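Single-structure report; data block below.
The values are calculated or read from the model by the stated rules, or taken from the named source; none is laboratory data. Bear in mind the structure is a predicted one, so any value in this text is a computation, not a measurement. All Cβ positions, even for glycine, are placed from backbone atoms using ideal geometry, and neighbour counts span all protein chains on display.
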Amino acid sequence: MAMTGVVFNRFPEIAKAFPEQLHNAVVQTTEIIQELAQSNAPVRTGFLRDSITTEMLGDFTGTVTVGASYGVYVNYGTRFMAAQPFWNVALDEGRARFEAALAAMESFL
């Protein structure tokens, strides 16, 4: 038995109606993700924590980057060390807040 679903993407409509609010939501989301990832990152030298940066690539696009090459190993662990999750927790919280901001804007459409 096949399962199908329909997803309605109202992002372009929201972007057109609320460009400034959407820009602010993207900026706030990237900042929240950065702050949470930095505060949850384990600190030995501080390099991992300090390598987490944000950058806006456009009005509605922002990135949060972990510059330390070993960040993925710390977050997910290896066969030699346990995971010390700092990244996914920050992403999940950032996503939840961004979706709440979009829902608030969508309610005015």
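Some points to look at:
- Against the criterion of being over 24 Å from Ala104 (Cβ atoms) and in a loop (DSSP other than H, G, I, E, B), Arg49 does not qualify.
- Checked against the criterion of being among the hydroxyl-bearing types (Ser, Thr, Tyr) and either within 19 Å of Arg10 (Cα to Cα) or touching a strand residue (DSSP E or B) at 6+ places or on another chain (Cβ under 8 Å) (or both), the candidates Thr45, Thr65 yield just one match: Thr65.
- For segment 56-86, a residue qualifies if it is within 17 Å of Gln28 (Cα to Cα) and in contact with a Gly (Cβ under 7 Å, 6 or more places away or on another chain), and exactly one does: Met56.
- Residue check for Ala68: of a type in the set (Gly, Ala, Ser), surrounded by 13 or more Cβ atoms within 10 Å (Cβ to Cβ) and touching a residue at least 40 places away in the same chain (Cβ under 8 Å): no
- Residue, modelled with the lowest pLDDT, within segment 58-73, restricted to residues that are within 14 Å of the chain's Cα centre (by Cα) and of a type outside the set (Val, Ile, Thr): Phe60
- Residue ID - nearest to Ala17 (Cα to Cα), chosen from residues in segment 64-109 that are assigned to a helix (DSSP H, G or I) and among the charged types (D, E, K, R): Glu106
- Residues that are within 12 Å of the chain's Cα centre (by Cα) and of a type in the set (S, T, N, Q) within segment 28-57 comprise Gln28, Thr29, Thr30, Gln34, Thr53, Thr54, listed in sequence order.
- Scanning segment 54-64 for residues that are out of contact with any Leu (no Cβ under 9 Å at 6 or more places or on another chain) and either closer than 15 Å to Val43 by Cα or surrounded by 13 or more Cβ atoms within 10 Å (Cβ to Cβ) (or both) yields a total of 3.
- Test for Ser51: is it among the small types (Gly, Ala, Ser) and either without any contact (Cβ under 8 Å) to a residue 12 or more places away in the chain or more than 14 Å from Ala37 (Cβ to Cβ) (or both): no
- Residue within segment 82-92 that is of a type in the set (Val, Ile, Thr) and free of Cβ contacts under 8 Å to residues at least 12 places away in the same chain present: no
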